[in-house]
Every structure is written in C-alpha cells, then in structure tokens.
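To keep things clear, I will list the structure first and then write my remarks on it.
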Amino acid sequence: MPEPVLPSDPMTLHTGGCHCGRVRFEVRAPADIRVSECNCSICSKSGYLHLIVPSEGFKLLSGREVLTSYGFNTHTAKHLFCAVCGIKSFYVPRSHPDGFSVNARCLDPDTVESMTVAKLDGKQWEKQYPQGRGEFRQE
C-alpha cells in the first residue's frame, strides 16, 4: 500500500462527498496523491481507491445523520456508507484505525493534480499487515 499521508507532506485542502451530496468532507493531502487499489472482496466490488490520512487530516462537514455502518470479518474497520445513495466516500480502515481511508474517486476534481495508483493484495491482508495494522510513520 502506498505510504499514508504524513503531516510533514505539503498539503492541499481537498473536498469531496457521496453521490447525492448529503455527505461532504474535507481532507488535507498532497495535490499529487498516492492511492492504493485493493483486490479484497469489498474494495474490488466497489472500485474503492484508498487515500489513507491521519484523523487530524480529515473533517466531516455534513451528513453524519445519514451515515450507516457495515462490519464484517474482524469488525475492526468501520465501513461508513451514505444511507441515501449507498456510496462509501470514506471509512475507518482496519489497516490504519487511527485515521481514515478516503475514496479518491469521491474527491472533487479541482484540487487533485495527479494520482498514482498502486496495487494492494488485500486478499492476502494478513501478509500485507503481519502486525495487524499499518503505521503512520514520520520520515
């Protein structure tokens, strides 16, 4: 998985949300974002592109009242969906439970200058994260 966004990276304020517009958020991340495309069962079926950010880099602007949660396997991840349109624009991932995974496909396009996509073998999750989770590392 690409390294998560670190507070030391040059940041841009991005906005985004779900399809119906009820869920809106802002996220601090570089203009040139690095995301991962996971092949696990839920990500491959939904086409999710992960932009991992620390919790202080994410702010929910609206829609808390329409978010619904889905859990499976270890129930560590908090998969949050808009109950109106069904889109998962962000969630709390099992790999980084102290942050958020933002679906890069749900970002408004005006602030993203480029996107690098790396493959992640989520079908072999335990091999990818033998410690049970990823780390936010300071360089």
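Considering the conditions (1) surrounded by 15 or more Cβ atoms within 10 Å (Cβ to Cβ); (2) at pLDDT 95 or above, ASP108 is excluded by exactly one of them, (1). Checking each residue in segment 64-85 for being in a loop (DSSP other than H, G, I, E, B) and touching a residue at least 60 places away in the same chain (Cβ under 8 Å) picks out VAL84, CYS85. No other residue among VAL84, VAL23 is of a type outside the set (Ser, Thr, Tyr) and crowded, with 17+ Cβ neighbours inside 10 Å apart from VAL23. Among the candidates SER36, SER55, SER46, the residue that is within 14 Å of the chain's Cα centre (by Cα), hydroxyl-bearing (Ser, Thr, Tyr), open to solvent by 50 Å² or more (accessible area, probe 1.4 Å) and within 13 Å of ASN103 (Cα to Cα) is uniquely SER46. Summed over segment 111-137, the residues that are outside any loop (DSSP other than H, G, I, E, B), loosely packed, with under 13 Cβ neighbours inside 10 Å, modelled with pLDDT of 90 or more and more than 16 Å from the chain's Cα centre (by Cα) give a count of 1. Of all residues in segment 34-51, those that are touching a residue at least 24 places away in the same chain (Cβ under 8 Å) and in a loop (DSSP other than H, G, I, E, B) have Cβ atoms under 8 Å from Cβ atoms of residues that are surrounded by 20 or more Cβ atoms within 10 Å (Cβ to Cβ) and polar (S, T, N, Q), 6 or more apart or on another chain, in TYR48/SER101; TYR48/ASN103. Across segment 82-104, not a single residue is classified as hydrophobic (A, V, I, L, M, F, W, C) and at pLDDT below 85.
The values are calculated or read from the model by the stated rules, or taken from the named source; none is laboratory data. As the structure is a computational prediction, the values presented were derived from the model and not from experiment. Don't worry about glycine lacking a Cβ; one is built from the backbone with ideal geometry, like all the others, and counts go over all protein chains shown. Calculation scope for accessible area: heavy atoms of the full protein, side chains included, ligands and nucleic acids excluded. Shrake-Rupley method; radii C 1.70, N 1.55, O 1.52, S 1.80 Å.
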